[in-house]
Structures are given as structure tokens and as C-alpha cells.
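The values are calculated or read from the model by the stated rules, or taken from the named source; none is laboratory data. These figures come from a predicted structure and were not determined experimentally. Note: ideal-geometry Cβ built from the backbone for every residue, glycine included; neighbour counts use all protein chains shown. These area figures cover heavy atoms from the full protein model, side chains too; ligands, DNA and RNA do not enter into them. Shrake-Rupley method; radii C 1.70, N 1.55, O 1.52, S 1.80 Å.
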Amino acid sequence: MSSRTSNRIFDIVNITFVSLFVLFCLLPFVHMIAVSLSSNRAITSGEVTLLPVEFNWSAYTQVFSDQSMLTSLGFTVLLTLATTLLCMLFTIAAAYPLTKGNLKGRKFFMYLIVITMFFSGGIIPEYLLIRDLHMLNSVWALILPGLVSPFNLIILITFFKNIPPSLEESAEIDGSSYMHTLLKIVLPLSMPVMATLALFYAVGRWNGFQDALMYITDPQIYPLQLKLFQMVQNNMVTELTQMEGANRTALTPEALKAATVVFATVPILCVYPWLQKYFVSGVMLGAVKG
């Protein structure tokens with residue numbers, strides 16, 4: 001068998017496998033969309049699969065009519081933006097010095113960073129720490145504990161090391177400071193990995209609910225995923241059906257849950273097309289040392 005034929009067979013098998021994997025990931029979300037757009041009768045009788053049955057917008061109308069859900073969406077958007085900005089700021093501030101061989105204690109700091117990837121204090125000590133710092137029911141409880149990801153930090157360190165040293169040396173000869181070199185030379189060359197890490201941080205914050213579940217009891221600052229999690233756990237949609245003038249028998253809980261899942265998922269999906277061109281190159285360049 002020639003190498004050309006072998007490569008063609010490999011391509012066919014690879015494309016088939018990836019296509020099946022994409023379908024397995026996509027079908028549950030398509031089913032959710034179909035349920036959210038179907039009638040009560042079709043949902044309760046189990047007729048809905050991948051296409052809506054007896055098309056109905058009522059679930060989305062009720063979701064968008066709930067002020068608390070819209071408030072939670074707005075809060076989550078602001079929280080995600082603030083978290084991503086601060087995480088990138090502190091990750092850059094930690095990664096750039098650790099690329100310098102003349103930094104005293106550099107190996108010690110790297111060991112500390114790697115250790116945190118394998119060991120942690122545990123959920124109870126973390127909760128006690130947040131409580132003693134008086135950050136319960138505070139936005140900072142959702143931002144500060146995950147301010148720097150060791151995995152993302154190592155990717156960024158590796159990427160910075162791949163930048164030709166001659167560029168920084170030329171800037172140093174011209175009298176550039178470390179900060180000026182970072183802002184004018186290093187960061188502009190690091191846009192692919194910066195976009196990738198920003199996407200990691202944004203998706204992680206958007207999808208996070210465990211920290212909010214432990215630290216937040218004030219409904220005014222519920223992230224969107226926490227509201228969704230509580231709704232799914234209770235198997236009821238109490239907040240959505242207690243609006244003034246709402247008909248509590250108008251919609252099944254399944255339709256409202258499906259509409260809320262779509263409502264919480266679509267915004268973060270809209271971010272991917274803008275960063276897709278940076279994603280693969282950012283991960284590969286930051287993970288492989290040339």
C-alpha cells in the first residue's frame with residue numbers, strides 16, 4: 001500500500017471520527033433548542049427529538065420577561081469581563097519576570113506554581129479563608145481565588161520564551177525598560193496566545209457555578225449559571241412562574257429549563273468566532289518550545 005493511499009485512509013478515518021465526536025457534542029444542545037421551541041403537549045408526550053414540534057415561542061417570551069434572569073445575565077457579563085481582564089493582567093505580570101534567567105528564586109517560584117496544579121487546600125479550608133476575609137456575598141469571592149491559573153501561566157511563560165531574545169536585547173540597547181519592552185514588543189507579538197488565554201478565562205468564569213454556590217447567597221449577585229443550576233436541581237422553575245400576571249400552567253418546567261439553558265449558553269458561544277483564528281496557533285505556540 002502506497003503512502004498516498006495510507007494518508008487518504010487516515011484522513012477518512014480521522015474526518016469520520018471527528019465528525020461523530022462533533023455530532024455527539026452537538027446533538028444534546030440541538031435537542032434542548034427543539035424542546036424550548038415545542039409545545040407542552042409535544043414535550044410531555046415525548047415527541048420532541050431534534051426538531052421542534054408545534055413551534056412555540058412562549059418559553060423564551062417568559063424567560064425574557066423575567067427581570068431577575070436579565071439582571072443575572074447582565075451581572076454575569078460584567079463579571080466575566082472584569083475577571084478576564086484582571087486574570088490576564090496578573091498572569092502577564094507573573095509570566096514575564098519568570099522568563100528572565102537573572103530573576104533570583106525563579107526555580108523556587110516555578111516549583112510553587114507547579115505544586116498548586118497537583119495539590120490544593122480543599123473546599124472547606126477555601127471556604128473558611130473566604131469567610132475570614134469577609135468576602136462572602138462579594139464579587140471578589142468569585143474573582144480572587146482563580147485570579148491566576150497555573151496552566152495558563154505556564155503556557156504564557158513558554159510563549160514568552162519563544163520570542164527571539166535579540167528583539168529585547170535591541171530594545172535594551174536603545175534604553176528601553178522592562179515595562180516598555182513588555183508593552184511595546186512582547187505583548188504585540190503575543191496576541192495569539194493572549195486571545196487564547198483570555199478565552200480560557202472567560203469561558204471558565206462564564207460556566208463557573210461551584211464557587212458561587214459556596215460563597216453567594218444574595219440573589220442580587222447570582223451568576224447566570226448558579227440560577228440555572230438551582231433550577232435544574234429543583235426540577236422546577238419557580239422564579240420564572242411567579243411573575244405578576246403569569247399563568248403558572250402555561251408552560252412545562254422542561255420547556256422553561258431548556259429555554260434557560262439556551263439563554264445561558266448562546267452568549268458565550270458568540271465569542272468563539274471572533275477568537276477562533278487565534279485559538280489553535282495560540283495553544284500550539286505556547287505549548288511547544290522552539
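Summary table below
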quantity: Leu103, Leu256, ranked by accessible area, largest first (probe 1.4 Å); calculated: Leu103, Leu256
quantity: Mean Cβ count within 10 Å, highest first, over the residues of peptides 14-25, 82-93; calculated: 82-93, 14-25
quantity: Translational D in µm²/s for the chain (Stokes-Einstein at 4 °C, 1.567 mPa s, Kirkwood Rh from C-alpha pairs); calculated: 57
quantity: Solvent-accessible area per residue for region 43-119 (1.4 angstrom probe, square angstrom); calculated: 62
quantity: Region 7-80: Rg to Rh, with Rh as the Kirkwood radius over Cα pairs; calculated: 1.21
quantity: Solvent-accessible surface ranking, highest first, for Met110, Met191 at 1.4 angstrom; calculated: Met191, Met110
quantity: Region 213-232 and region 107-184: distance between their alpha carbon centers, rounded to Å; calculated: 28
quantity: Helix-derived mean residue ellipticity, 222 nm - over the chain, DSSP H n ≥ 4, -39500 (n - 2.57), to 500; calculated: -21000 deg cm²/dmol
quantity: Accessible area of Arg8 in the full protein assembly, 1.4 Å probe (Å², nearest 10); calculated: 150
quantity: Overall Cα dimensions of region 166-217 - principal axes, largest extent first, Å; calculated: 55, 20, 12
quantity: Top of Leu182, Leu51, Leu167 by mean-square fluctuation, Gaussian network on the chain, Cα under 10 Å; calculated: Leu167
